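Values quoted throughout were computed directly from the atomic coordinates according to the rules given, and no laboratory measurement underlies them. Everything quoted here is computed from the prediction, not taken from an experiment. Ideal geometry is used to build each Cβ from the backbone, glycine not excepted, and the neighbour counts take in all protein chains shown.
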Amino acid sequence: MIDSALGGPVNQDYLLQARQMQAMSFAVHIPLVCFGIAFPAMVVFLEGLWLRTGDPLYKALAKRWSKAMLILFAIGVVTGTILSFEMGLLWPDFMASFGDVFGLAFGIEGFSFFMEAIFIAIYVYGWDRLSPRTHIAAGVPMIVAGFTGSLMVISVNGWMNQPTGFSIRDGEVVDVKPLKALFNSNLWHELTHMYLAGFLVAGFLVASVYAAAWLRGRRDRRHQVGLVVALSVAALVAVPQLLVGDWAARTVAGRQPVKLAAFEGLKETKKGAPFDLFGGRIEIPKALSLLAFHDPSAKVKGLDTVPRDDQPPWHIVKFTFRTMVFIGSALAALGVWFMWSWWRRRRLPATVWFYRALVAAGPLAVVALICGWITTEVGRQPWIVYQVMRTEDAVTGAGGIPVGFGALTLVYVALGGIAYVMLRRLARTSFEVER
């Protein structure tokens with residue numbers, strides 16, 4: 001039970017820059033997390049196909065993908081380390097006040113990171129050095145460690161949106177229950193939504209690379225297999241992701257009604273609230289109440305239920321939420337198109353427009369991912385810990401934020417250049433299939 005809120009005013013002229021700096025780091029790191037979640041499973045799946053069929057093409061493709069996985073993991077190590085330092089440097093009061101609450105999660109995340117690094121190294125450098133069964137077995141801890149590491153981070157984010165597992169007395173955090181905080185009730189929909197997003201983003205990004213090659217006339221079996229495997233992964237999760245998104249939105253409606261109001265730009269509380277289409281030009285009567293509570297007459301709380309200072313910047317949240325939903329629906333439609341064609345004819349769609357759409361799907365999946373996190377994080381504002389600590393009370397009082405912001409931008413540009421050069425060089429190396 002929470003007795004009182006934490007935090008006090010901090011003399012900080014650079015709150016906006018601190019927020020932007022943190023947001024930039026999230027935008028860079030989160031797509032890499034998707035590859036950490038999904039790519040190991042995709043690679044091990046290809047190796048499993050090789051072991052089952054004996055087709056050497058599957059092994060060669062798994063080898064190629066494992067090298068890309070290693071490159072992306074190395075870049076993710078740097079961005080993840082920067083992100084962890086930022087949490088302490090930019091938001092010291094947050095970490096100092098609640099470190100005991102979620103410290104267990106960060107500890108498990110660190111252990112998972114080292115386990116994943118060890119087994120990725122064994123896996124990548126174990127090709128042709130380990131027996132096939134031992135090698136594929138080494139991929140299992142790699143997948144599990146990627147899951148548990150990101151699980152802990154998602155758990156902390158769920159806790160920030162639904163804080164539990166502690167009390168506050170006399171301005172101090174007491175009665176800490178780390179496991180209750182770790183397995184908070186907000187974890188489950190965030191976890192499911194993010195894991196499906198991980199496979200969606202990784203699948204469509206890889207598929208978009210092969211689709212671009214397909215449009216350039218590279219239609220050999222290697223490119224067909226790479227395209228089909230990656231696209232199958234993305235297509236299988238695209239439609240379920242829409243259902244999980246509905247679950248997440250209904251959970252937000254019950255626990256964070258102001259955030260839901262920001263999703264829709266609903267300024268006033270209404271019974272039978274309509275769903276706004278196209279900036280208010282078209283409204284579907286009672287649709288928002290039906291979507292949020294499965295009751296067309298349900299009351300939907302508006303932004304007017306809290307003071308203006310407690311309202312999130314709803315223009316931003318509404319835009320990112322709509323963008324996420326629109327792109328997610330389009331990706332689901334693209335996935336259904338592929339599955340229908342493959343099920344009916346056992347081949348890829350013939351029209352060139354499918355491959356053009358697929359080229360765009362990879363970057364658009366990343367846009368949807370980033371918009372989803374903006375919706376979640378900005379929709380919680382002005383709270384860093386929902387209704388407990390304000391973001392402005394958690395920020396550092398130190399100066400020099402603009403200098404750090406500029407330096408960090410250069411670091412990320414350099415990392416992007418390094419990743420591009422290494423992946424480009426990998427793509428240009430000869431593709432050898434062992435006979």
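Numbers for the structure displayed
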{"read-out": "Rg(Cα) / (2.2 N^0.38 Å) computed for region 211-268, rounded to two decimals", "value": "1.90"}
{"read-out": "Estimated 222 nm signal from helices in the chain, with DSSP H stretches of n ≥ 4 weighted -39500 (n - 2.57), rounded to 500", "value": "-25500 deg cm²/dmol"}
{"read-out": "Extension gain from residue 354 to residue 220, taking 0.36 nm per residue of separation minus the Cα-Cα distance", "value": "46.5 nm"}
{"read-out": "With Cα atoms, 0 to 90° folded angle of helix 352-380 axis to the chain main axis", "value": "30"}
{"read-out": "Mean Cα-pair separation over length for region 70-143, i.e. relative contact order, pairs under 8 Å, 6 or more apart, %", "value": "30"}
{"read-out": "Net charge contributed by nearby residues that have their C-beta within less than 14 Å of residue 145 (K/R +1, D/E -1)", "value": "-2"}
{"read-out": "Choice from 243, 182, 70 showing the highest fluctuation, given a GNM over the chain with Cα pairs closer than 10 Å", "value": "243"}
{"read-out": "Residue 114/residue 287 FRET efficiency (R0 35 Å; Cβ-Cβ; nearest 0.05)", "value": "0.15"}
{"read-out": "Selected from 325, 237, 403 as most flexible by GNM, with the chain as the system and alpha-carbon contacts under 10 Å", "value": "403"}
{"read-out": "Full-extension gain in nm, residue 250 to residue 429, via 0.36 nm per residue minus C-alpha separation", "value": "59.6 nm"}
{"read-out": "Ratio of Rg to Rh over region 33-162 (Cα coordinates, Kirkwood Rh, two decimals)", "value": "1.08"}
{"read-out": "Separation in nanometres of the label points that stand 7 Å from Cα toward Cβ, at residue 294 and residue 308", "value": "3.9"}
{"read-out": "Equivalent ellipsoid, the chain (semi-axes from 5 times Cα gyration tensor eigenvalues, Å)", "value": "39, 28, 19"}
{"read-out": "In nm, spacing of pseudo-spin labels at residue 27 and residue 347 (7 Å Cα→C-beta vector)", "value": "4.3"}
{"read-out": "Inverse mean reciprocal Cα-Cα distance (Kirkwood Rh) of region 246-359, Å", "value": "16.0"}
{"read-out": "Percentage relative contact order, the chain, counting C-alpha pairs under 8 Å, at least six apart", "value": "23"}
{"read-out": "Sequence-separation-based contact order of region 30-161, relative, with Cα cut under 8 Å and 6+ spacing, percent", "value": "31"}
{"read-out": "Cubic angstrom per residue, convex hull over Cα atoms of region 24-89", "value": "63"}
{"read-out": "Range of Cα positions in region 143-245 per principal axis (Å), largest first", "value": "69, 26, 20"}
{"read-out": "Difference of contour (0.36 nm per residue) and Cα-Cα distance, residue 81 to residue 271", "value": "63.7 nm"}
